[in-house]
Amino acid sequence: MSEFIDSILKEHRVFFPSEEFHRSSHIKSMKEYSRIYKKSVENPEAFWAGKANHLEWFKKWDIVLRNDMGFFKWFEGGYLNVSFNCLDRIIKSGKKDKIAFIWESESGETKKYTYEQLLKEVCRFANVLKKLGAKRSHVIEIYLPMIPELPIAMLACARIGAIHSVVFAGFSSDALKDRIQDSNAELLITADGSFRNGKVFPLKDNADIALKECPTIKSVVVVKRANNKIEMQNNRDFWLHDLVSQDDIKDFCEPESMHSEDSLFILYTSGTTGKPKGILHTQAGYLLFVYQTFKWIFDIKDNDVYFCTADIGWITGHSYIVYGPLSNGATVVMYEGSPTFPKPDRFWKIVEKYNVTIFYTAPTAIRALAKEGDDWPNKTNLSSLRLLGTVGEPINPEAWMWYHNVIGKKRCPIVDTWWQTETGGILITPLPGATPLKPGSATKPFFGIIADVLREDGTKANVNEGGYLVIKNPWPGMLRTVWNNPDRYKHTYFEKFGVYLTGDSARIDEDGYFWIMGRTDDVIKVAGHRIGSAEVESALVSHKSVAEAAIVPFPHEIKGQAIYAFVTLKSGVKKSDELKEELKKHVSQSVGPIAKPDKIQFADDLPKTRSGKIMRRILKVIAEGSTEYGNIMTLADPSVVEVLAKNRVA
Ligand code: PRX
């Protein structure tokens, strides 16, 4: 990370939008950006109310924004339906035959859905859910791979007013169990299996293990995807294809009229301590925010073909594969599998095949594909591309330049979009037709967003001085609370400074550009995935041989960060390479393969304060191979540090 920070501190290159891009874009110049930005932050309520008029309401709101003792409410008194706004409203605008989704399977099969077809599928699925007893405000757990049934299920929930909670299909049965137990879901939607790198991942088997400890789940809807052998429990498990083909399942389902602040979805994400938090997003504000950010940041036009490589199991997929693009009537490409299957040109082949114009991915994917060499993209026709985007972690200037030169052929602006599960949508970003770009900077706040960098004591940091990134005002897409835990919401996000604490560190340069430097808490971004130290540590400690464990990040060429685990074994347990492998497997099974430590070091002792707190700060320095430990004299036993450094896993 320190190399990365050095490189962005020295970054002075600036790239301007081309004349052509700038002329045809929604926001055409920095002058226009500044004018609208000023208005939007001087009177955010008027700004957002103006934009909200573009959505279709069953009843308009009474009040734009209310602060209810630290819990923010947007558009109270208003009623709408999110699926109606993403489907029926688009169809009514004359786009019934426009393609909503182009889906490509890992094996190369394609399915296309027009807006009219998608509405029908969503309605039929919604009617199935109703028949199974699902109602407004019930929580429905969705554990599906990247297949069309995933967005269809989400929109079906939105249609009937149920709250969806999507769990990334790469998560283990334990992670699924924790999430179901926390959300008290009554129904689970899953698939027999999923495909990744040509292999079948047994989703339903995982779900069955989780469900042994989830008594709230009454029914399970199973999508047939991989044709692997699974157990179907009588009166609990039903094949989707059997349910939707029943005679009484109609092609239309009346959309529920939802209050603006009714819950839309819960999405779990890792925090500093304990189990993942259920981030709650509600109806109108979220929809408006993803609608407006998608429109302007991706500069969407009617003939665009937009491809986002994220998994819908993460917030990027929720906001910028499903709700943002569909509410704009866009054509979205959705891909099921791995970027390197069967070869490292898979994304580029998809761009070529469907004439993708806008491509949105993560820095980790860019680094991994750049490493495969320029021939793969150079052998495909990428001339349809006009705009590129990145999200999920800081992008190093080298990766940015490769993306710009080799993928964008120096023509395409890159929107480096900073945001989080909690923010619902993008908060800091270039506007592609206006903002001059600096490689590695997410540039400037979006309209209506007041971002700042503060010191520990709450005062404003100087130009280029690193500090805590905060957002000083509410915005429509912000999280409303932590599910079942309002105290955690207040404590995590508002206690420190009284304004929204992002958990990131950043600096603002002399031009007012934001440079995100990384997390300030114990969250590790592995290949853009957000992993909580506490989850991995408790997985390690749950192994019979482990007495104590501490994990820290270390810089990784492709993943950005990877996990380094210091593990103290129980007395009498023999240290061996086999045990290390077993522990890696154990974490993979308990949390998911994305959380697997890359390196494990056995440590008889860990650096602790006299009160017994593990000093992860020092472990991080050791893992990075540095010796700049800072003050270690406050440790109960400072000699531990030297021993650990000597035995560091290189
Ligand atoms: O550290 C920031 C990083 O990702 C975190 C949010 O992770 P998650 O909730 O999983 O959402 C990821 C997708 C929105 C942030 O706190 N992050 C996200 N985008 C960027 C970023 N770091 C630097 N630059 C970005 N563009």
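The values are calculated or read from the model by the stated rules, or taken from the named source; none is laboratory data. Because the structure is a prediction, the values reported are computed rather than measured. Every residue, glycine as well, gets a Cβ built from its backbone with ideal geometry; the counts of neighbours run over all protein chains shown. Please note that ligands, DNA and RNA were not included when accessible areas were found on the heavy atoms of the full protein model with its side chains. Shrake-Rupley method; radii C 1.70, N 1.55, O 1.52, S 1.80 Å.
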Any idea how many residues of the stretch 496-526 are touching a strand residue (DSSP E or B) at 6+ places or on another chain (Cβ under 8 Å), open to solvent by 20 Å² or more (accessible area, probe 1.4 Å) and among the charged types (D, E, K, R)?
5
Single residue of the stretch 344-369 satisfying the filter (in a loop (DSSP other than H, G, I, E, B) and out of contact with any Gly (no Cβ under 9 Å at 6 or more places or on another chain)) that is least open to solvent (accessible area, probe 1.4 Å):
Val356
Taking Phe341 as the residue in question, decide whether it is within 16 Å of the ligand (Cβ to nearest atom) and either part of a loop (DSSP other than H, G, I, E, B) or surrounded by 22 or more Cβ atoms within 10 Å (Cβ to Cβ) (or both).
no
Within the stretch 299-317, is there a residue that is open to solvent by 10 Å² or more (accessible area, probe 1.4 Å) and closer than 22 Å to Phe75 by Cα?
no
Within the stretch 577-593, work out how many residues are surrounded by fewer than 18 Cβ atoms within 10 Å (Cβ to Cβ) and not in a helix (DSSP H, G or I).
0
Looking at the structure I just gave you, is Pro486 over 21 Å from Lys613 (Cβ atoms) and either at pLDDT 95 or above or more than 14 Å from the ligand (Cβ to nearest atom) (or both)?
yes
Out of the residues in the stretch 536-548 meeting the condition of being of a type in the set (D, E, K, R) and open to solvent by 30 Å² or more (accessible area, probe 1.4 Å), tell me which one is nearest to the ligand (Cβ to nearest atom).
Glu548
Could you tell me whether the stretch 566-576 includes any residue that is outside any strand (DSSP E or B), open to solvent by less than 10 Å² (accessible area, probe 1.4 Å) and either within 12 Å of the ligand (Cβ to nearest atom) or at pLDDT 95 or above (or both)?
no
Taking only pairs six or more apart or across chains, which ones have beta-carbon atoms under 7 Å, a first residue in the stretch 45-64 that is closer than 16 Å to Asn328 by Cα, and a second residue that is open to solvent by 30 Å² or more (accessible area, probe 1.4 Å)?
Glu56/Arg89; Trp57/Tyr79
Per-region count, the stretch 602-621, residues without any contact (Cβ under 8 Å) to a residue 40 or more places away in the chain and either aliphatic (A, V, I, L, M) or assigned to a loop (DSSP other than H, G, I, E, B) (or both)
10
Unmet criterion (only one of (1) under 17 Å from the mean Cα position of the chain (by Cα); (2) within 16 Å of the ligand (Cβ to nearest atom); (3) among the hydrophobic types (A, V, I, L, M, F, W, C)) for Met334:
(2)
If you take the residues of the stretch 399-424 that are more than 10 Å from the ligand (Cβ to nearest atom), open to solvent by 20 Å² or more (accessible area, probe 1.4 Å) and not aliphatic (A, V, I, L, M), which of them is nearest to Phe494 (Cα to Cα)?
Trp402
Among (1) outside any strand (DSSP E or B); (2) within 16 Å of the ligand (Cβ to nearest atom); (3) open to solvent by less than 10 Å² (accessible area, probe 1.4 Å), there is one condition Ala562 misses while meeting the rest; what is its number?
(1)
Selection within the stretch 380-399 - within 11 Å of Ile366 (Cβ to Cβ) and either hydroxyl-bearing (Ser, Thr, Tyr) or free of Cβ contacts under 8 Å to residues at least 24 places away in the same chain (or both):
Thr390
Residues of the stretch 473-514 satisfying the condition of being among the basic types (Lys, Arg) and over 30 Å from Arg13 (Cα atoms)
Arg480, Arg488, Lys490, Lys496
Leading residue by the ranking (nearest to the ligand (Cβ to nearest atom)) among those in the stretch 519-535 that are of a type in the set (Gly, Ala, Ser) and in contact with a helix residue (DSSP H, G or I) (Cβ under 8 Å, 6 or more places away or on another chain)
Gly528
Against the conditions (1) within 17 Å of Ile426 (Cα to Cα); (2) modelled with pLDDT of 95 or more, where does Val463 fall short? Just the number, please.
(1)
Neighbours by Cβ (under 8 Å, 6+ apart or cross-chain): first from the stretch 489-514, on the phi < 0 side of the Ramachandran plot; second surrounded by fewer than 16 Cβ atoms within 10 Å (Cβ to Cβ) and assigned to a helix (DSSP H, G or I)
Tyr500/Phe494; Leu501/Phe494
Out of (1) at pLDDT 95 or above; (2) open to solvent by less than 10 Å² (accessible area, probe 1.4 Å), what's the single condition that is false for Arg179?
(2)
Which of the residues belonging to the stretch 198-214 are hydrophobic (A, V, I, L, M, F, W, C) and under 13 Å from Gln589 (Cβ atoms)?
Phe201, Ile209, Ala210
So which of Lys599, Lys646, Lys620 is under 28 Å from Lys275 (Cα atoms) and open to solvent by 40 Å² or more (accessible area, probe 1.4 Å)?
Lys620
Conditions (1) crowded, with 21+ Cβ neighbours inside 10 Å; (2) within 16 Å of the ligand (Cβ to nearest atom): number failed by Ile551
(2)
Every listed condition ((1) more than 23 Å from Leu80 (Cβ to Cβ); (2) open to solvent by 10 Å² or more (accessible area, probe 1.4 Å)) holds for Trp296 save (1)
Could you give every pair whose Cβ atoms fall below 8 Å, whose first residue belongs to the stretch 241-263 and is under 24 Å from Arg225 (Cα atoms), and whose second residue is open to solvent by 50 Å² or more (accessible area, probe 1.4 Å) and in a loop (DSSP other than H, G, I, E, B), counting only separations of at least 6 or pairs across chains?
His241/Lys224
Please find, within the stretch 193-238, the residue that is farthest from Glu104 (Cα to Cα) out of those that are more than 29 Å from the chain's Cα centre (by Cα) and among the hydrophobic types (A, V, I, L, M, F, W, C).
Met232
